[in-house]
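What follows is a set of notes on a single structure, which appears directly below.
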Amino acid sequence: MIKMFTAFTTEVDEAEDAINEILKQIDLKALKKNSVGLITYHYDFTEFDFLTDICAKLPFPVVGMTTMASANAEGQGMYALSLTVLTSDDVCFETAISGALGPADYIEKIETAYSGAASKLPGKPSFIITFFPYLHNNLSGAEMHEAFDKACGGVPFWGSIAINSDVKDEHSNVFCNGTISAEGMTMILMHGPVDPEFVVFSLPPQNIRKDQGRITESDGCTVKQIDGIPALKYLENLGVSVVQDSSIVTPLMVYYEGSSVPVALGMYTINDDGTILCGGKMPKGALISVGEITSEGIIMSAKESMSKLLSTGKKTGALLLPCITRYIMLAPDHNVELNLISEMMEKGKIMPFMAGYSGGEVCPVRDESGVLRNRFHNFTFSGCVL
């Protein structure tokens, strides 16, 4: 069994005060035999020695990532750091960070980091939390996700791509036991009786068009043709306007084989030949439809996700990493979703929770036979309840 504690600080300018505030909120005497920490934090916390100093004062390993905003029962905000501690007598934890990932060697480095951590466990991992780097121009989240899925042999893993408040890759990083990296990935491997349940909700049904096409030609994350028509032309025929070299917030809903629930993926690049580079794998034969992001849809999907999470009956704790696009699209009141999460959790009275924002959601989805399949998402409310 796992027990979860959380702590929170906004003392970004006074490292010593921040550390003292964190330590006052965590009862170290209540920790069980095995413990691990995960943090979400604003980039400014990396400009001091805070992250390494706090690790030196905590009796367990810590991994984490930068994010747009953080929340737990103790507070919420953009210029903040949230610490979550998982502790157990019968679940053990191992952490690892890879070397800098690039197109030529990311598979090998991911496999090396995973196998090194897995070899230290007394048996096969039962669950993994992982944070990928934001390498938009060099390596996609889908490619890193696929490599890690193969490395771990399909063990369920949940997590995110690191992001930051200015949505720049140079200000996004991951953290592991004193090491800060803009290009590595980090992970927490768990062995023992861990039985997580996952909540994934992208758009309410009314925000998904009824028209469905079938991918007839693709290459990895690039969709070339839908129903035998160039992908861009297909969208234009539906009246969907997508402009080259501009921000695209129109999700494509992909129905992977064996799943009746679509995965929302972003359109990253419109190529000159009318093909579209997307945020995840676009397999030939998959059905596809078009979604629409609205403030009302974001709030509705958050409420539905939280209701599903609470209906699981689990009380250990909840880990929540919805997409950063949701935070941005809720302007001018960006905190609506975080407020809703806190209210529905009654600020921690129901169970401990942590929330942050994701640059790409990593969350398993059950196929029609009930088997968990690791998936990469965009625009999605992603939750893991323990």
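Here are the numbers for this structure:
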{"read-out": "Rel. contact order, % - alpha carbon contacts under 8 angstrom, at least six apart, region 74-192", "value": "38"}
{"read-out": "Two-site FRET efficiency, Thr179 against Ile328, from Cβ-Cβ distance with R₀ of 30 Å, rounded to 0.05", "value": "0.55"}
{"read-out": "J(HN,Hα) series, region 40-46, from Karplus relation 6.51 cos²θ - 1.76 cosθ + 1.60, nearest Hz, glycine and proline x", "value": "10, 8, 6, 4, 4, 5, 7"}
{"read-out": "Rounded, prolate or oblate (a/c below 1.5 giving rounded, otherwise prolate when a/b exceeds b/c) for region 1-143 by Cα gyration tensor", "value": "oblate"}
{"read-out": "Taking region 209-290 and dividing mean pair separation by its residue count, relative contact order in percent (alpha carbons under 8 Å, at least six apart)", "value": "40"}
{"read-out": "Computed lengthening from Ser260 to Glu197, 0.36 nm per intervening residue step minus Cα-Cα distance", "value": "20.8 nm"}
{"read-out": "J(HN,Hα) series, region 145-161, from Karplus relation 6.51 cos²θ - 1.76 cosθ + 1.60, nearest Hz, glycine and proline x", "value": "4, 4, 5, 6, 4, 5, 5, 8, x, x, 4, x, 9, 10, x, 6, 8"}
{"read-out": "Choice from Lys314, Lys349, Lys224 with maximal GNM fluctuation in the chain (Cα, 10 Å cutoff)", "value": "Lys349"}
{"read-out": "Reciprocal of mean inverse Cα separation for region 209-290 (Kirkwood radius, Å)", "value": "12.3"}
{"read-out": "Ranked Arg209, Arg326, criterion: other C-beta atoms within 10 Å, fewest first", "value": "Arg209, Arg326"}
{"read-out": "Share of alpha-carbon pairs per 5 Å distance bin for region 62-164, given as whole %", "value": "2, 11, 20, 23, 17, 15, 9, 3, 0"}
{"read-out": "Under 13 Å, Cβ to Cβ, from Gly348 - net charge with Lys/Arg +1 and Asp/Glu -1", "value": "0"}
{"read-out": "Dimensionless Rg/Rh of the chain - Kirkwood Rh, Rg from C-alpha atoms", "value": "0.96"}
{"read-out": "Taking all pairs of distinct alpha-carbon atoms in region 182-229, Kirkwood radius in angstrom", "value": "15.8"}
{"read-out": "Phi to ³J(HN,Hα) by Karplus 6.51 cos²θ - 1.76 cosθ + 1.60 over region 99-106, Hz, x for Gly, Pro", "value": "x, 4, 8, x, x, 7, 9, 5"}
{"read-out": "Mean separation of Cα contacts under 8 Å, 6 or more apart, over the residue count of the chain: relative contact order %", "value": "19"}
{"read-out": "Counted charge near Ser382, where neighbours are those whose Cβ lies closer than 14 Å (Asp, Glu -1; Lys, Arg +1)", "value": "-1"}
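Each value in this text was obtained by applying a stated rule to the coordinates, not by laboratory testing. In this text, all values refer to a predicted model and were calculated from it rather than measured experimentally. Cβ atoms come from the backbone with ideal geometry, glycine included; neighbour counts cover every protein chain shown.
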